[in-house]
Amino acid sequence: MNYSDQTELRIRQALAGRGASGLRTALLFAGPAVVVSIAYMDPGNFATNIQAGAKYGYSLLWVVVLANVIAMLFQSLSAKVGIVTGRNLAELSRAHFPRPIVLAMWVVSEIAAMATDLAEFLGGAIGLSLLFSMPLLYGMIVTAIATYAILMFDSRGFRPLELIIGGLIGVVTLSYLIELFIAPINWGLAGLHSVVPQFDDAGAVTVAVGIVGATVMPHAIYLHSSLTQTRTIVDNDVDRAKLVRFSNLECIIALTIAGLVNMAMVMMASGAFHDGHRDVAEIETAYHTLTPLLGVGAASIFLISLMASGISSSAVGTMAGQVIMQGFVGFRIPVWLRRLVTMIPAFVVVGLGMNSTNALFWSQIVLSFALPIPMIALVILTRRVDIMGKFVSGPKTQIIAMVASFVVLVLNTVLLLQSFGVNIPLLASS
């Protein structure tokens, strides 16, 4: 019996009221939300949070908080879908939506998955190349090998992969905890702007959309339902209700940690760069600027967290890509081929000499436009009694989910209007 089988056996014992209790029981159920939480602190977050903190100080922290609350809601709904129905979001979409819509969802979701992988793969490679003074191309090759090695643990069941990803998340979290003690933080302003909405100018909206795109991830919404659909299969509503409760608790804890890490990224960038270095907008520039400002230790910690984030989130992105393809079109390709295909955009960016951090930032904009699709699909599917049974979303949850989807759509619409040169009075006057 492998480690995953032992974990599943203990989960069943816990559901039956036997075995461990308290924290030990909660840890048995922890895993799916931990895995998807790395998507909420991937290299795309580094790019957008550095720009937000350096240029706008603490003023966009409220966007990070809002995006994280939205993420908690939709990841919880996604996990519940997998637990209750035994199918993931992509499979349910294929079963219940018209075929043209399903094909469109698949195409947009695949584009989003590739944009995600661009950010994650490039981020890990940038961290490696700067930390070990190697060419970016070599960093990309090492990142690809490390990512594939992590994915190979999936053949041993769910638990080893969950523990590996959890360990790398611990590295990222610890790194930014240390950074907060090194960087000069104005805690009063940080607290104020965490709850008070503010846009300094029209450019802040672009950054805000990037933050939302980097925080609430389309591929993570699809993946979460897949991770819970077969992790522990139960045949009665009592046990399903217990699984849903533990899942919701895990979502709150895992995504709270991810949200605090994102806030720490903005606060560190604000404290280090906003006074005197507001033009810092690239990961490479941030690293080289951090060295004289806060010391080589702070700069190295920054790169270690970036490297851990890139490698782990790239592995999770590949898993999500498989779920999307198999769920929507019933087609599965080998992991190594999926890994190879999704690396192509990153090699194109480097081969053409494009600015890698700008590529990271705009990949998050692409993600924000793809984001409403799984959000709206979840709202529709989780309100249907024929699909969810007694676990159908209540009126309050439906309203909150619809409002959250509307907020994302409004932000995207504002960005689209800006792209076409349309002046928005409220922003023009700010």
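Observations on the model:
- Within the option set ALA71, ALA90, ALA39, ALA33, being surrounded by 23 or more Cβ atoms within 10 Å (Cβ to Cβ), of a type in the set (A, V, I, L, M, F, W, C), touching a Gly at 6+ places or on another chain (Cβ under 6 Å) and within 30 Å of GLY210 (Cα to Cα) holds for one residue only, ALA90.
- Filtered by the rule that a residue be outside any helix (DSSP H, G or I) and either among the hydrophobic types (A, V, I, L, M, F, W, C) or touching a Cys at 6+ places or on another chain (Cβ under 9 Å) (or both), region 367-408 gives LEU371, VAL392.
- Hits in region 55-65 - residues which are crowded, with 24+ Cβ neighbours inside 10 Å and part of a helix (DSSP H, G or I): TYR56, LEU61, VAL63, VAL64
- Among residues of region 100-127 that are within 22 Å of ALA308 (Cα to Cα) and touching a residue at least 24 places away in the same chain (Cβ under 8 Å), those with a beta-carbon under 8 Å from a residue that is charged (D, E, K, R) and surrounded by 24 or more Cβ atoms within 10 Å (Cβ to Cβ) at least six positions away or on a different chain give the pairs THR116/ASP42; ALA119/ASP42; GLU120/ASP42; GLY123/ASP42.
- Residue match in region 242-250 (condition: more than 25 Å from the chain's Cα centre (by Cα), assigned to a helix (DSSP H, G or I) and either closer than 18 Å to LEU411 by Cα or not polar (S, T, N, Q) (or both)): yes
- Residue count for region 321-340, restricted to those that are surrounded by fewer than 16 Cβ atoms within 10 Å (Cβ to Cβ) and either closer than 19 Å to ARG94 by Cα or touching a residue at least 24 places away in the same chain (Cβ under 8 Å) (or both): 6.
- Only one of the numbered conditions (1) without any contact (Cβ under 8 Å) to a residue 12 or more places away in the chain; (2) in a helix (DSSP H, G or I); (3) of a type outside the set (S, T, N, Q) is violated by MET134, and that is (2).
- Residues that are hydrophobic (A, V, I, L, M, F, W, C) and surrounded by fewer than 18 Cβ atoms within 10 Å (Cβ to Cβ) do occur in region 118-133, at least one of them.
- Within region 177-207, tally of residues that are modelled with pLDDT of 85 or more and within 17 Å of the chain's Cα centre (by Cα): 0
- The listed residues are GLY271, GLY317, and the only one of them that is touching a residue at least 60 places away in the same chain (Cβ under 8 Å), assigned to a helix (DSSP H, G or I), in contact with an Asp or Glu (Cβ under 6 Å, 6 or more places away or on another chain) and closer than 27 Å to TRP62 by Cα turns out to be GLY317.
- Any chance LEU168 is without any contact (Cβ under 8 Å) to a residue 60 or more places away in the chain, out of contact with any strand residue (DSSP E or B) (no Cβ under 9 Å at 6 or more places or on another chain) and part of a helix (DSSP H, G or I): no
- Of all residues in region 391-419, those that are under 24 Å from THR85 (Cβ atoms) have Cβ atoms under 6 Å from Cβ atoms of residues that are modelled with pLDDT under 85 and surrounded by 12 or more Cβ atoms within 10 Å (Cβ to Cβ), 6 or more apart or on another chain, in SER405/PRO372.
Conditions (1) farther than 22 Å from SER313 by Cα; (2) among the hydrophobic types (A, V, I, L, M, F, W, C), marked per residue:
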position	(1), (2)
HIS224	no, no
THR228	no, no
ARG231	no, no
PHE246	yes, yes
HIS274	yes, no
THR285	yes, no
THR289	yes, no
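The values are calculated or read from the model by the stated rules, or taken from the named source; none is laboratory data. The structure displayed is predicted, hence computed values, not measured ones. Neighbour counts are summed over all protein chains in view; Cβ atoms, including those assigned to glycine, are modelled from backbone coordinates with ideal geometry.
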